[in-house]
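Each remark here refers to the structure printed beneath this line.
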Amino acid sequence: MDDPGQNLIVDEHPLFREALARVLRQVFPEAVSREADTVDGAVAILQTDGLFDVVMLALNLAGIERFDGLMKLRNLFPRQPLLLFADSDNSCVVEEAIARGAAGILPKVLGQDALSTAIRTVVRGDIYIPEPSMSIDNDDDRLLLT
């Protein structure tokens, strides 16, 4: 089965964690979610509870440089599937996250269907990469994902 039994949400914003946990309960009713507001909090949970089916980690956390949280979890728990949430939908961010060992990256601009697909992909042992559109935002020339 490709549904997660246990997942860990790591984000400093309680409202985002609670909303994500609520969506996860709708999409995966049998799944159990744990939450941490820091990478160190996630480390403590992983050391106590063992590996989860997926850890969903915010890329941008206060006090953590860009990919440092990912790298810390990757180094301490090399077999733990890590799905990054990013504010950016830039293809360079996606490529760097995967190169640094993320099992996937999900821009926060995507919705519930993308979340479900990303989690199932990661739980299955595959890498989730969102499909970029070829449209360019003229304001800042970012590659947009739709």
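Please compute the per residue accessible area over the chain with all protein chains in place, 1.4 Å probe, rounded to a whole number of Å². Kindly include the intermediate steps, with their values, before the conclusion.
Working: 7680 Å² over 146 residues.
Each residue of the chain exposes 53 Å² on average to a 1.4 Å probe.
Quick check: residue separation of D126 and E96 times 0.36 nm, minus the Cα distance between them. What number comes out in nm? This chain segment gains 9.1 nm when fully extended. Our coupling estimate for the stretch 115-122, obtained by passing each phi through the Karplus curve with A = 6.51, B = -1.76, C = 1.60 and θ = phi - 60°, is 4, 4, 4, 4, 5, 4, 5, 5 Hz, Gly and Pro reported as x.
The stretch 7-66: which GluC sites (Glu not before Pro) are DSSP loop and have at most 13 other beta-carbon atoms within 10 angstrom?
Passing both the DSSP loop test and the Cβ count: E30, E65.
Annotation: amide H-H contacts under 5 Å for M56 (H modelled 1.01 Å from N, sequence separation of 5 or more, or interchain): L8, I9, V10, L83.
Quick note on the stretch 3-117: its Rg to Rh ratio, both from C-alpha atoms and Rh being the Kirkwood radius, is 0.92.
Over the residues of the chain, the helix contribution to mean residue ellipticity at 222 nm works out to -11500 deg cm²/dmol, using -39500 (n - 2.57) for each DSSP H run of at least 4.
Label positions at T117 and D40, each projected 7 Å from the Cα along the C-beta direction, are separated by 3.8 nm. Take the Cβ atoms of L51 and V109, set R0 to 25 Å, and the FRET efficiency comes out at 0.30.
The values are calculated or read from the model by the stated rules, or taken from the named source; none is laboratory data. Model, not experiment: these values are computed from the prediction. Glycine also receives a Cβ, built like all others from the backbone with ideal geometry; neighbour counts cover every protein chain displayed. Each accessible area value is taken on the protein alone, full model and side chains, heavy atoms only, with ligands, DNA and RNA left out. Shrake-Rupley method; radii C 1.70, N 1.55, O 1.52, S 1.80 Å.
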